[in-house]
Amino acid sequence: MDDDFAAVLDIVKQRGGCDLSVYKETTLNRRIQSRMMTLGIKTYRNYLNYLKADSEEFIPLLNTIWINYTKFFRDRSAWEYLVEKIVPQIVMNKQPHEPIRIWSAGCATGEEPYSLAMVLAEALGMEQYLQQVQIFATDVDMEALKYAQRGSYSAAQVANLPPHLLPKYFGQDNDRYVFDSKLRSKIVFGCQNLVKDPPISKVDLLVCRNALIYLNLEAQAKVLFHFHFALNPNGFLFLGSSETLLARKHQFSSINIKYRIFTKELLNKDNYLLKQSQHRQEVKTLSNQIQLWQTAFASSPIAKVAVNLNERVIMVNEQAYSLLGLTSSDEYSSLQDLKLDLVLGLHTAVKQLKCDLLAATLKDVQWLTPNGTIYLEIYITPIANLSGKLLAVSFTFIDITRSHQIQEQLDRTKIKLLRASEELEYTKEKLAATNAELSCIQQPLNYT
């Protein structure tokens, strides 16, 4: 880590009380540089001096690092599954006098906990909601929490709401939409560091969407351990679209992989009360598993598929679902069953990779879709553990159709230019011959 970069993190820790070392270094680099670009600062040394000179600069820096992107019912289909399949189970498992405890971890500006409040109010009715429901909404960003507590949103922010919910749960104040005060009274907002602070307990539904992916491996392991402790034995965990493998491999069973909904697996006493040395080993093992996920499913919006050594699909990201026309039921199918091997010729490349453990690339591969032919570059990458043992194989699919089309256009243009060039040369030659003939005619005239 660069010394000036480390010094920037130290100043933020001293002034803002925020230990950013739990975040991935690549994420921090990208977001701090974004802040530097806004200020027109090019080096960490100069930004460090700027931080020292301006005692309040750490605030906009933290706002840049904590990108609080959220919206009501984000990923609508996942919320519809939650409403139809999960919430009824939670309600059914409770007696009318028993509390229903919900935790929105990383709630940002509040759209998520308010979405949860509407879901529970719709399922229970207003009176029962007020008697039973308790929603805890936490975030590390105090400014975002202050915004969330107000429950006031612009027309653009509520545009994603189902039409029947807006007049039912919001009142209009000039150009703002304010969430119902009765429902809001059952939501407790609080500042919490998911890595360092103790978790909320006895939770029936824990929602944490796309927060873990910004943490480093050890921090992810700690947070998942906290989540496991927080949930009731029949509790549910609702994660973001990039966090499937994390949950699946750490004492959680999958309810729906596509929508990233899991349930808690019970641990026996001996496994739960781990000695410190055993816990460190568990974290190390989990970190290896997370590393596998991160290698195969980098955060870039590129289609990826991972297969085990038997060439059965073990992971598919959203981009691959869309690009290759796959569905969640295709997980654990073989490449042959999915016709991926037959059409794309992946088996031979995997066989070679098993022998030499070297990455390979397939270029200009054609893939027929209902909308026509697309062209792909396929990067085939080994996924190995720290000792070098091959664990799985990752396929990265780059859609180069547009590049292919541009290349075809360039080739056609080159041909046209070549023809034009030949015609020009022919014209030049013809013009030269004509000039020669004129010279021959003019010479006798010059002597007369």
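Quick note: the coordinates plus some simple rules give every number you see, no bench work behind them. Everything numeric in this text was worked out from a predicted model, so none of it was measured. Note that each Cβ is placed from the backbone with ideal geometry, even for glycine, and that neighbours are counted across all protein chains shown.
So here's what we get for this one:
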{"quantity": "Packing-based order for 45-56, 229-240, using average beta carbon neighbours within 10 Å, highest first", "calculated": "229-240, 45-56"}
{"quantity": "Label-point separation, Tyr147 to Glu80 (7 Å along Cα→Cβ), nm", "calculated": "2.8"}
{"quantity": "Over the stretch 3-65: Rg over Rh, Cα atoms, Kirkwood Rh", "calculated": "0.90"}
{"quantity": "Estimated distance in nm for a label pair at Glu127 and Ala7, the labels positioned 7 Å out from Cα along Cα-to-Cβ", "calculated": "6.6"}
{"quantity": "For the stretch 76-272: lysine pairs under 20 Å (alpha-carbon distance), excluding those fewer than 8 apart on one chain", "calculated": "21"}
{"quantity": "Label-point gap, in nm, between Gln172 and Arg30 - each point 7 angstrom along Cα→Cβ", "calculated": "3.9"}
